[in-house]
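Student: Below: one structure in structure tokens.
The values are calculated or read from the model by the stated rules, or taken from the named source; none is laboratory data. Just so it is clear, the model here is predicted, and its values are computed rather than measured. For neighbour counting, all protein chains shown are included, and Cβ atoms are generated from backbone atoms with ideal geometry for every residue, glycine included. The area values use the complete protein model at the heavy-atom level, side chains included, leaving out ligands, DNA and RNA. Shrake-Rupley method; radii C 1.70, N 1.55, O 1.52, S 1.80 Å.
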Amino acid sequence: MRILMVASEAAPFAKTGGLADVTAALPRALARLGHAVDLVMPRYGGITIGEPIGRITVPLGRVVADAMVYAETQAGVRTVFLDHPGFYHRDGLYGADGADYPDNPERFAYLSRGALEWASGADVPYDVIHVHDWQAGLVPVFLREFTDTPAFRQAATIFTIHNLAYQGIFDASWLPRLGLSDSLMRVDALEYWNQISLLKGGIMFSRALTTVSRRYAEEIQTPEFGNGFDGILRSRSADLVGIRNGIDDTVWDPTSDPHLPEAFDASCLERKLASKRMVLARFGLPVDDTTLQRPLIGLISRLVDQKGFDLIAALRAQLPTLDASFVLLGTGDTRYEEFWLSLAARHPERIAAHIGFDEGTAHLIEGGADLFLMPSRFEPCGLNQMYSLRYGTIPVVHATGGLYDTVRDYDATTRSGTGFTFDEYSPDTLLRTLRRALEVFQDADAWRHMQLAGMREDFSWDASAREYVTMYQRGRP
Ligand code: ADP
Ligand code: GLC
């Protein structure tokens, strides 16, 4: 199949979260299955890769704006970058200093419309148009204007929801400025409580819908997790399937990870200690025997409510009393950044925090930590718990969404399970679960057994990529 993908980020070119990992790895997995993928994304400032391959003229309301198009092929995937410096050469991908860019509707309508302009010139038609999240939600909406274009006539349309909490909601006055008709202000189109939602555009105008785990696909059809979209999603329930994200097991591989001081695998887990030493040193914690023996709990996260930082903040008095050290790597809400910095300042021998985004340190934490903490309130899929399992780092997670689907709770009687999970979203339950985990840590045999069980899990992309191919067949016009 010939597949056109559109997304606002993809690793290693631009990344703020898991979406970028998925839009990097899924196309490669599809290429391994023999399919051809063109992935279109913005050429943000700082992206220097790619050869110029042409120019497009994109009409957006009364404005017509040109962009240079660059392309780069790696591992069988062609990434196509739209270069509109006015829109994309900025400090952040979506905003700066905690505020979204006010012209985001235009920036991402441009991406959506521009991707179609560029792809409409293809000699060989596309079989599939697969777009991700609200930033590409207008692709199937604009596509109606290309219905007679040979490149798209037979194309299936499929929309993937990576996180229902981000809905691309804007004032309805944007419609004409995006080149869209006011008639789209209908409940069965873009209208959402008197505004427009680009996420809703993706959901209503695509034939097939997916989200990134089975559990989350069920959850988002309930009022509790639906963020106001549960009714809309129930109306499209027959076309919605959950496909768990895979992990790129070449990028996240403890046997060859260039960010680890020593490689390791299931047969030599004691070599994790070299990584632990290096993490402690990098975070400025003591590198002595006591600290090396004490369990190290890692966190790598966007610092937002979704990730359970309210539970952690509620435990500010208890965390330092646990027999554990903590390292946190993250950026996000100022209040959570300040929370971690002040906690670390008060307990410099036990707790350390780095505010920033750093791929190498993320790998090192996965390599060196004993436990990985991810108490998300909700989690569409989550990748770090899977990276942790692969690195022999035991995850402690709230049993929700993809965390529920990928981490099996430890059962002391049968010695089965790959991590520690809790159901009730409360600080007390989290604390009890951490205590339970730290107790099992004292039993070296049981711990090793659990590490090995996690390392044996198969989270590679191939099975999930095949499920996407099935959905591509279902998404045909
Ligand atoms: P989400 O997409 O909701 O942020 P995921 O678990 O799906 O959550 O993916 C997060 C990805 O972003 C992982 O690859 C993780 O390692 C990475 N990440 C998050 N914060 C940081 C950070 N501060 N530094 C480096 N990598 C980070
Ligand atoms: C979103 C979700 C996360 C998921 C990622 C990739 O950012 O929050 O759970 O893993 O997308 O699908």
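Student: As I understand it, the value is the acute angle between the Cα axis of helix 359-368 and the longest principal axis of the Cα atoms of the chain; what does it come to in degrees, rounded to 10?
Tutor: Helix 359-368 sits roughly 30 degrees off the main axis of the chain.
Student: Starting from 0 in steps of 10 Å, tell me what percent of the Cα-Cα pairs of segment 266-458 lands in each bin.
Tutor: 9, 40, 40, 10, 0
Student: Against the empirical 2.2 N^0.38 Å scaling, what ratio does the C-alpha Rg of segment 213-340 come to?
Tutor: The value comes to 1.42.
Student: Taking Cα atoms, how many degrees apart are the long axis of helix 334-346 and the longest axis of the chain, rounded to 10 and kept between 0 and 90?
Tutor: The angle comes out at about 20 degrees.
Student: Which chymotrypsin sites (Phe, Trp or Tyr not before Pro) in segment 381-477 pass both tests, a DSSP loop state and at most 16 other beta-carbon atoms within 10 Å?
Tutor: For chymotrypsin sites (Phe, Trp or Tyr not before Pro) across segment 381-477 that sit outside H, G, I, E and B with at most 16 neighbouring Cβ atoms in 10 Å, the list is empty.
Student: Right, another one. If one takes the longest principal axis of the Cα atoms in the chain, at what angle in degrees, from 0 to 90 and to the nearest 10, does the Cα axis of helix 444-456 lie?
Tutor: On a 0 to 90 degree scale, this one is about 20.
Student: Could you give the accessible area per residue of the chain, probe 1.4 Å, as a whole number in Å²?
Tutor: 39 Å²
Student: Rg (Å, one decimal) plus Dmax (Å, integer) for the alpha carbons of segment 118-170?
Tutor: Cα-based Rg and Dmax for segment 118-170 come out at 12.4, 38 Å.
Student: Contour minus end-to-end for ARG32 and ALA238, with contour as 0.36 nm per residue of separation and end-to-end as the Cα-Cα distance?
Tutor: 71.3 nm
Student: Follow-up. In a solvent-free Debye calculation with one equal scatterer on each Cα, what is log10 I(q)/I(0) for the chain at q = 0.09, 0.10 Å⁻¹, listed in the order of the q values?
Tutor: Log10 of I(q)/I(0), two decimals: -0.61, -0.75.
Student: Would you mind computing, in nm to one decimal, how far apart the modelled labels at ALA65 and LEU452 are, each placed 7 Å from Cα along Cα→Cβ?
Tutor: The answer from the label model is 5.8 nm.
Student: Right, another one. I'd like the FRET efficiency for ASP445 and ARG346, computed as 1/(1 + (r/R0)^6) with the beta carbon distance as r and R0 of 45 Å, rounded to 0.05.
Tutor: Once the sixth-power term is evaluated, E becomes 0.80.
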